[in-house]
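Novice: This is the structure I want to talk about, given as structure tokens.
Read the figures in this text as sums done on the coordinates, not as results from a lab. It should be emphasised that the depicted structure is a prediction, and the values quoted were computed from it without experimental measurement. Backbone-built Cβ (ideal geometry, glycine too); neighbour counts: all protein chains shown.
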Amino acid sequence: MHGVNAQNARYAWLNTSAPSTAANSSGHAGARSADPLWWMLREDFYHRRPIGRIDVAATGPHSPVPPGVPRLPGPGEFYASPALSELLRAAPPAELADRFPGHQIGTLGRSALPAPNSLLVVVGHTPEELSQLPGVTQVSSITSTDPSSCDDCGVGLKAAGMYLLLSVVAAGLVFPLLMLIGTATRLAAARREQRFAAMRLVGATPRQISMLAAVESTVAAVAGTAIGFGLFLLFRPSLAAIPFTGVPFFTSDLSLGVVDVLLVALGVPAGAVVAARLALRRVRISPLGVSRRVTPRPPRAWRLIPLVVGLAELVWFVDRRPDTSAGQTLAYLPGILLIMAGLVIAGPWLTMLGSRVMARRASRPATLIAARRLADNPQAGFRAVSGLVLALFVTSVATGVITTIVANRGAPRSGSVFSSALSKTFWPQERAEGQAAPSADAIPANLGSVPGVRSVLVVRANPDDRPDADGWRWRGVISCAELARVPGFGGCPSGAGVAAVDPDLIGPRIVRRSDGPPVWSASTVDPDGLRQLPVLSVVVQTDGSDAAIERSRTALEGAFPQGRFPSTVGEFEADFGRTLVQWQQLANVVILVSLPIAGCSLAVTVAGGLSDRKRPFSMLRLTGVQLGVLRRVVALESAVPLLVASLVATGAGLLAAHLFLTSQMKYSLRPPEPGFYLIVVGGLVASLGIIASTMPLLRRITGPETARNE
């Protein structure tokens, strides 16, 4: 969370021209200057990476200065971020450096960089030059408004939504880890109970036993806490490189406050002491307390209540989605956490149901023994697989959400014209008042001779851009003969001479029926009159090479510096692609971390369970029960709760994903890809393999010598 906040704070200055920050600049910006600053922020691209370009012009010596620079750049000067500076040195000037007039006078400091790899440039102009460009604004201060507190800030993170994602990720990691800690603690406590009970028999008082247990737990907890802080510092650079927010962090962003350190340093040892005292309740009763073990009461159906309440909470918000990010966090996060807790609480009851079904259908001794033992203590049976159940739930939620979003909104389009066609559109609102559209003669004459450029197409403004049958306005027109010479951009209806098209000759995803070449609508414009219509856009078809795209982009930016910069459809849709990558990376972290934790928890529990049952199993072997029967008993005792709870966890995860998608985005859950089922099956197979790996221990602990010692 500290990293997200620190990174977000460095995005703030890029929103200086946002209306809300300007209106409230007295509370969120630096000191107002007597000399305003001309300011314009635009997005450029290089090799599909976004470049933030800020054009500035000072109106006097006291114009506000952005962070990270000692002074404002003058006309013909610019500052570049370290990452962009490296690209400027490495790339041919015709591909990148020629876009920025003049020369570089310095590097943007760290206070201006949201991330180590940020591509930013601050370009200086004269006031007379910059003030004539559409979209430029005058600002009297540089804003420091947090993007999370700004509704119209186009740059930065909405921290509340990120908190929701990170909270779910943290829960997905912490819950399996708590299961592992609880399992290991119970295993160690069973042996400590016997040792402390023996000390009571030789005269130790309950107070002495409690003090000894507290000291042991505190020393171990302090050592573990110190190691944990050390590992955090050791792995902090590697963690900072993971782009949880779409871009990496600076190492110093992942910092801990004094309160955080104190909570961990004092809370972990204190929790260990409390756990130790609770674990030794039976020893404090009497020296023989450990031996007086009784069958626990069977779980009741009330254990389903938290699970049902969590699902009901998500159902409640299906048609009641909160408007704010903070409200959405409060709406969805408690429901997901309740479901996770509900799965753990309801697991023993589900295990008991599965054991009863297995007992009724048992036809072999191993099945009957396993069913009776599970019914006798379903809590212990489920405890072994609880970590894996939570991992499967989180995996199901993450996969269901991401798969559905991709299916509805589509992954960023790539290949063919989506990534090889560069377009520059001259929108009327991006021209100065009274300024005419550029003529075709303004297009660089050498653009068609750039290596890798296959064709340069000119789209004219459609004089009749009334909505078509589907309600969509096609703003451009182009000759069908010219369109036919360039494959990939679609075609015209039979007999048409002019087509009504989108300015980039591709069109938005919501209008196109597929990613294949479209058939455009016929236009009533006379083909002979096309040249008299104003130019709407220029589309450059390349061979898809980076050099051809960047050289063409640089040439177009030099000829047409106003408005949005040229881009491909793939670049324009890349923001959503980066968001998908961010979500997928978070899901991968949960899957890759929680599954090994769950496997360790399973191994510890199965091994501990075998150790606890060595006496009854040894007696069974003395009575003639074969070792293979005991192995099947152990396998069934672990496999039944594993399969039952995994089925419920996967179903609950997909249901939770469906409810969240329906409420938040009005999407219905789409079936996950085959990879999801491979992960689930792989997790179950790995779990069964862990169970099988403990079988050699069964022979060693159930021999005649064990029964004799008991």
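Novice: Could you order the peptides 69-81, 357-369, 494-506 from most to least packed, using the average number of other C-beta atoms within 10 Å per residue?
Specialist: On the way: 69-81: 19.2, 357-369: 14.5, 494-506: 21.2.
Put in order of decreasing packing, that is 494-506, 69-81, 357-369.
Novice: If you average 1/r across every pair of different Cα atoms in segment 602-691 and take the reciprocal, what Kirkwood value do you get, in Å?
Specialist: After inverting the pairwise mean of 1/r, the radius is 16.0 Å.
Novice: A further question follows. Return the FRET efficiency for the residue pair residue 126, residue 235: r is the Cβ-Cβ distance, R0 is 56 Å, and the value is rounded to the nearest 0.05.
Specialist: 0.65
Novice: I'd like to compare 448-458, 230-240: which one has the highest average count of other Cβ atoms within 10 Å, and what's the full order after that?
Specialist: Put in order of decreasing packing, that is 448-458, 230-240.
Novice: Output ³J(HN,Hα) for segment 78-90: one whole-Hz value per residue in order, computed from phi by the Karplus curve 6.51 cos²θ - 1.76 cosθ + 1.60 with θ = phi - 60°, and x for Gly and Pro.
Specialist: So the Karplus estimates, Gly and Pro as x, are 7, 9, 10, 5, x, 5, 5, 4, 5, 5, 4, 6, 8 Hz.
Novice: Run the simple label-point estimate for residue 664 and residue 195 please: 7 Å along Cα→C-beta, distance reported in nm.
Specialist: Label at residue 664, label at residue 195, 4.7 nm between them.
Novice: What nm value, rounded to one decimal, do you get for the distance between residue 2 and residue 485 when each label is placed 7 Å out toward the C-beta?
Specialist: 6.3 nm
Novice: Okay, moving on. Tell me, what is the FRET efficiency for residue 71 and residue 445 to the nearest 0.05, using R0 = 41 angstrom and their Cβ-Cβ distance as r?
Specialist: Details: r = 39 Å, r/R0 = 0.94.
Result of the calculation: an efficiency of 0.60.
Novice: Another question, if that's okay. When the chain is fully extended, how far beyond the present Cα-Cα distance does residue 427 get from residue 627, taking 0.36 nm per residue of separation?
Specialist: Additional length available on full extension: 63.9 nm.
Novice: Here's something else I'd like to know. Given labels modelled 7 Å from the Cα in the Cβ direction, how far is it in nm from residue 531 to residue 363?
Specialist: So the two model labels end up 8.9 nm from each other.
Novice: Still on this structure: Take the Cα gyration tensor of segment 59-150, multiply each eigenvalue by 5, square-root it, and list the three semi-axes largest first, rounded to whole angstrom.
Specialist: 22, 19, 13
Novice: Next up: If you take the beta carbon distance between residue 48 and residue 266 as r and set R0 to 56 Å, what does 1/(1 + (r/R0)^6) give as a FRET efficiency, to the nearest 0.05?
Specialist: So, using R0 = 56 Å, E works out to roughly 0.70.
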